[in-house]
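Shown next, in structure tokens, is the structure this report addresses.
All of the numbers you see were taken from the coordinates with simple rules; none came from a lab. Predicted, not measured: the structure shown is a model, and the values here were computed from it. When we count neighbours, we look across all protein chains shown, and the Cβ atoms used for this are built from the backbone with ideal geometry, even at glycine.
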Amino acid sequence: MTDTGTPPGGPPGETPAGRPGWGDGWGDPGPPPAAPGWGAAPPRWGGAPWGAARPQAPKPGVVPLRPLGFGEVLDGAFTTVQRYPKIMLGLSTAVMAVLTTAYFLTLFVGFGGMVAPTADELTRISDATWVGLAASGAALALAYWVAQSVLTGMITVTVARGVLGQPASVGEVWRVTRPHVLRLLAVTFLLALAYVVTLAVVVLVVALAFVTSTALGIVAAVILGLGLIFAAVVFGTRTALSSAALVLEIEPVDATQPYAGQRPISVVSAIRRSWGLVRGRTFRTFGILAVANVVGSVVSSVIQTAFTLLATGLGLGLGDSFRGGEFLTLVVAGIGGLAASVLQIAFLAAVTALVYVDARMRGEGLDITLAQYAAADPVGGPVGGPVGAGGTTLPPIPGAEPPSPWGAR
């Protein structure tokens, strides 16, 4: 005869063997756990049954606060462009428009006679004119370098605010970026200098090999050339996040007193931070940045091609009878080039900043810090924390605003 009044595992009030805590008198024990066997509860993985809905990562801004997938990085970059158009497109367009106007004025006003010159006209151009053209070109290249560095810094700050879902104005972003302008230029200069020095050493070694033997020179050129390409890819990928780290990260002024005061990390520290964050993820980072460059190039090429076709159509429609038709055609083509370059700069800078955020979330658990910061500061304070004289980040004031979540680890 079967006793149906005794629960499995023993009489009432006794804890079933092997299942401590059930029926121990603390609250309602509920039904006993199912015994293993056919029809048992499915095994658990990560604390949740198979097929159960997993908790969604918080997404206060343009990306979810968890390690990002490849598509999420690209989507987050486009979303940032759409959410902050005044900074990502408007400001970039204004800066690049000034540079484009300076280029056209230099070309047509200062050196109008050198636009498509004939062979006879080339012989009559003086050396002073050539020197002036070279100096003007160098000045424009320097201005473009400064402008691109400033835009990269401002876009990085904008992406940082976008990740937290914070509003951003041009004035706020510029206030955070301004102390870092010279340091951004220093980062790009040091990285470019490293490329130039390495290339000079390789060329010197190959030249010495050719002096010794032609066969040895050819072998050295092939081996060192391939090695140089590989080294350039690795070095460029591992230092790609230097600007983002330079703009966003802070460190204690005195390591023994971490809360006495904070300052931005140094230029060399930013390069080291980028190297450390990418190490172990070099090829993944290279793949993301390479595909982003391809996507940006394709989009910019489509825009530029459309404006080029429009300029060509205007030139054919106006004909030679319209004075200034050639200048109008060049202006329309220049506007297309301007729009293409602005979108490409904004998109690639946003992708690089999001790759930096993803690297820190993967390696340092930054997603937890960002989630706590976003929950504690839904409106949002300055991304880099309060900035004092000389670019020094001041310590947080109790009750004023939460500290910056971008502190160096």
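Summary of packing: across the peptides 223-235, 352-364, the per-residue average of other C-beta atoms within 10 Å ranks them, highest first, as 352-364, 223-235. Computed over the alpha-carbon atoms, the range 126-252 gives an Rg to Rh ratio of 1.15, Rh here being the Kirkwood radius from the mean inverse distance. Most tightly packed first, judged by the mean number of other beta-carbon atoms within 10 Å of their residues, the peptides 335-343, 197-205, 238-246 read 238-246, 335-343, 197-205. For the range 144-157, the Karplus equation 6.51 cos²θ - 1.76 cosθ + 1.60, evaluated at θ = phi - 60°, returns couplings of 5, 4, 5, 4, 5, 5, 5, 5, 4, x, 5, 5, 4, 4 Hz by residue, with Gly and Pro reported as x. Amide hydrogen proximity for G61: with H placed 1.01 Å from N in the peptide plane, the residues at 5 or more positions away or on another chain lying under 5 Å are G165. When the alpha-carbon atoms of the range 224-304 are used, the pair Rg, Dmax equals 17.0, 55 angstrom. Restricted to Cα atoms, the range 173-242 shows a radius of gyration and a Dmax of 17.4, 59 angstrom. Highest average first, the peptides 157-169, 181-193 ordered by how many other beta carbon atoms sit within 10 Å of their residues are 157-169, 181-193. Between V253 and G261, Q262, R263, the built amide H atoms are under 5 Å apart, and every one of these is 5 or more places off in sequence or on another chain.
The mean sequence distance of close C-alpha pairs (under 8 Å, at least 6 residues apart), as a share of the length of the range 183-252, puts its relative contact order at 34 percent.
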